[in-house]
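Inspection log for the structure reproduced underneath, given as structure tokens.
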Amino acid sequence: MGFEVEPDAIQGFASLVSRGADGATKAVDYASNNTQIDKAVGGALWDMVAGSHDEYVESAKKALGKAQSVLNSSQSELSKSAKYYRETDTETASKMDATYPGSKGGGGAPSGGGSGSGSDFADAQDASATLKKPDGGSDNPLIAYGQGHADEYVMNPVQKTLGTVLDLGSPSTVAVEAVKLLCGYDIFGEINNWILGDWTKYKDCAEVWSNLGSFCDAVAANLKKGTTNVGVTWQGNAYDAAKVYFDEFSKKLADFKETFESLRQCYHAAAQEVFQLAELLKSGVVFIADMAIIWMANMAAATAVNAIPVGGQVASAAMFALAAAQAVMIIDRFAALVKAFDATMMAITTLGAVLSAAVNGFSAADGFPEASSAGYDNRVVA
């Protein structure tokens with residue numbers, strides 16, 4: 001294989017890689033600023049998902065930080081290589097290139113041909129443009145306000161749909177006290193504790209993970225274009241080594257994307273599970289509240305009739321029986337809600353296990369050598 005090099009093309013590729021490094025820096029900040037959730041106040045289900053959230057965020061930021069380091073050191077080495085080739089005659093550079101071992105899987109495009117353009121190093125995709133605010137949020141406060149209300153009807157986030165159980169169906173003080181009298185404790189408070197949490201922000205995190213996955217995909221696409229195009233005018237062992245290096249790193253970016261997609265799916269599924277439970281709880285709380293008031297009224301009436309000296313006990317028997325039937329209906333409905341809550345908890349437990357396994361994908365590039373490290377040897381800039 002012959003040797004050929006065009007320093008300006010290598011510098012163009014360096015600039016493309018440098019933009020990827022800058023984008024990765026933005027991606028780290030994006031992950032920090034758009035994955036914050038309120039863990040201070042939450043219920044049973046919220047505690048199950050919020051506890052590990054920060055761990056996932058830190059793992060994501062570490063992976064993106066590794067990508068930034070690899071890309072930043074790579075652009076620096078490419079720029080140094082371009083400088084070396086400008087200042088070195090072709091014969092000397094060719095002899096230096098021959099000292100590199102051949103790289104398995106390397107090999108550039110034919111000299112002066114191939115499918116790429118040796119001078120085009122514009123980004124194939126705008127990686128930074130993928131880092132959008134959740135739900136396409138706008139910096140314009142009026143647009144953001146309108147979008148926020150529209151989103152309520154798209155998914156009806158639990159926090160806004162339910163708020164507290166007292167907002168949900170507005171059970172009156174009479175209903176609350178009736179249920180306490182019947183069951184011995186405040187089941188409305190217990191139901192509220194099941195789903196209390198910052199579920200709107202949790203749902204938004206699913207979109208953040210998706211955007212970060214798209215960012216990794218865009219960077220990989222840009223690297224592919226860059227390595228293809230620089231290969232039009234750069235031939236030799238050094239290019240082969242560079243091509244293999246960036247091809248392997250692109251595989252790490254693909255692993256990152258797959259991990260982000262797993263997080264997106266799990267976060268979205270968890271929010272949906274809670275939303276579906278919330279819809280069931282809404283109707284259940286309204287039913288229990290209404291039935292509790294009726295039960296209390298019937299009990300009061302039955303007690304008053306029972307106090308009538310003549311015939312009161314006989315007359316009140318049917319009324320007490322009716323109240324008892326209503327009490328059974330309340331208890332049965334609450335039991336159904338408990339069953340639904342248990343099923344949701346089981347589903348979220350399963351999603352948690354999937355998340356714990358998936359996040360390991362962020363370690364894919366942990367051992368990947370950086371161009372400025374001892375594991376990478378660029379003899380032309382030594």
* Structure fact -> Carbon plus sulfur, as percent of the 1.4 Å-probe accessible area of region 286-339, comes to 77 percent
* Structure fact -> Residue by residue through region 248-265, the couplings from Karplus 6.51 cos²θ - 1.76 cosθ + 1.60 with θ = phi - 60°, in Hz, x for Gly and Pro, are 5, 5, 4, 5, 5, 5, 5, 5, 4, 4, 4, 5, 4, 5, 5, 5, 4, 4
* To do: Hey, can you grab everything whose amide H is under 5 Å from the amide H of Gln235? Only 5+ residues off in sequence or another chain; H modelled, so Pro and N-termini drop out.
  => Glu4, Val5
* Asked: Roughly to the nearest percent, how much of the accessible area of region 2-104 is carbon and sulfur, given a 1.4 Å probe?
  -> 47 percent
* **region 185-228 residues near the modelled Met345 label - backbone nitrogen below 20 Å, point 7 Å along Cα→Cβ** => 185-199
* Solvent-accessible ranking of Val286, Val41, largest area first, probe 1.4 Å -> Val41, Val286
* To do: Report the calculated FRET efficiency for Asn360 and Ala129 (r = Cβ-Cβ distance, R0 = 25 Å), to the nearest 0.05.
  => 0.30
* Asked: Tell me which lysines have Cα within less than 28 Å of Lys203's Cα, excluding those fewer than 8 residues away on the same chain?
  -> Lys26, Lys39, Lys61, Lys62, Lys66, Lys132, Lys133, Lys160, Lys252, Lys257, Lys282, Lys339
* Asked: Contour minus end-to-end for Thr92 and Ser283, with contour as 0.36 nm per residue of separation and end-to-end as the Cα-Cα distance?
  -> 60.7 nm
* Asked: Per-residue HN-Hα couplings for region 31-36, Karplus 6.51 cos²θ - 1.76 cosθ + 1.60 at θ = phi - 60°, whole Hz, x for Gly and Pro?
  -> 5, 5, 7, 10, 10, 7
* Structure fact -> Stretched fully, the stretch from Gln313 through Asp290 gains (0.36 nm per residue minus C-alpha distance, one decimal, in nm) 5.6 nm
* Structure fact -> Sequence order, region 340-353: Karplus ³J(HN,Hα) from phi using 6.51 cos²θ - 1.76 cosθ + 1.60, θ = phi - 60°, Hz rounded, Gly and Pro as x, gives 5, 5, 4, 5, 5, 4, 5, 5, 6, 4, 5, 5, x, 5
* At 7 Å along the Cα-to-beta-carbon direction for both Ile331 and Asp120, put a label point, then send me their distance in nm to one decimal. => 7.6 nm
* To do: Can you work out the accessible area per residue across region 252-377, with the rest of the protein chains kept in place, probe 1.4 Å, in square angstrom?
  => 49 Å²
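The values are calculated or read from the model by the stated rules, or taken from the named source; none is laboratory data. Computed from a predicted structure; not experimentally measured. All Cβ positions, even for glycine, are placed from backbone atoms using ideal geometry, and neighbour counts span all protein chains on display. Side chains included, ligands, DNA and RNA excluded: accessible areas come from the protein's heavy atoms. Shrake-Rupley method; radii C 1.70, N 1.55, O 1.52, S 1.80 Å.
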